[in-house]
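Below: the structure, in C-alpha cells.
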Amino acid sequence: MSKQLHLKESTAEAPVKKGKRWRVIVARPGKGSSGTYSEEMFRRDAENIIAPGGQSFINHDDTRNPKDMIGVYPEGSFWSEEDKAVVSELE
C-alpha cells in the first residue's frame, strides 16, 4: 500500500535548468500559506516531502488531469545546504 501526499505549499522561485532536469526549490524554512516550518524540521524530513517518482502538476487543486502533469521527481526531495532549502530535480 502506498501513501500519497499532496503538497499544497509553493514557492515563487523559478526552477533552474541543469542538463535535462530542472532544480526546483520545493520549500524553504519560514512561514508558508499553511503553517510555519523550521529549518530543523526540513533538514530532518526533506526526503519524506516528495517520494522518488513523485509527480508534478501545473495546477494545485484536487481535480488533476493526467494532461496537467509536467514531470516527475525521479529521486524525490532532499535538503540542500547550498540553497538552505528542500530541493528536487524535476524531469
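Please give the per residue accessible area of the chain, computed with a probe of 1.4 Å over protein heavy atoms only, in Å².
Ligands and nucleic acids excluded, the figure is 71 Å² per residue.
Amide H of residue 32: which non-local residues (sequence gap of 5 or more, or other chain) have their own amide H closer than 5 Å, using H built in the peptide plane?
Amide H neighbours of residue 32: 37.
Per the 1.4 Å probe, what fraction of the accessible area of segment 9-49, in percent, lies on carbon and sulfur atoms?
Exposed carbon and sulfur together represent 53 percent of the surface.
Please list, in chain and number order, the residues 5+ apart from residue 26 or on another chain whose amide H is under 5 Å from its amide H, with Hs placed from the backbone.
Result for residue 26 returns 86, 87, 88.
Provide the solvent-accessible area of residue 62, counting protein heavy atoms only and rolling a 1.4 Å probe, rounded to the nearest 10 Å².
Surface accessible to solvent at residue 62 totals approximately 120 Å².
The values are calculated or read from the model by the stated rules, or taken from the named source; none is laboratory data. Fair warning: this is a prediction, and the values are worked out from it, not measured in the lab. Quick note on the areas: whole protein, heavy atoms, side chains included, nothing else; ligands and nucleic acids left out. Shrake-Rupley method; radii C 1.70, N 1.55, O 1.52, S 1.80 Å.
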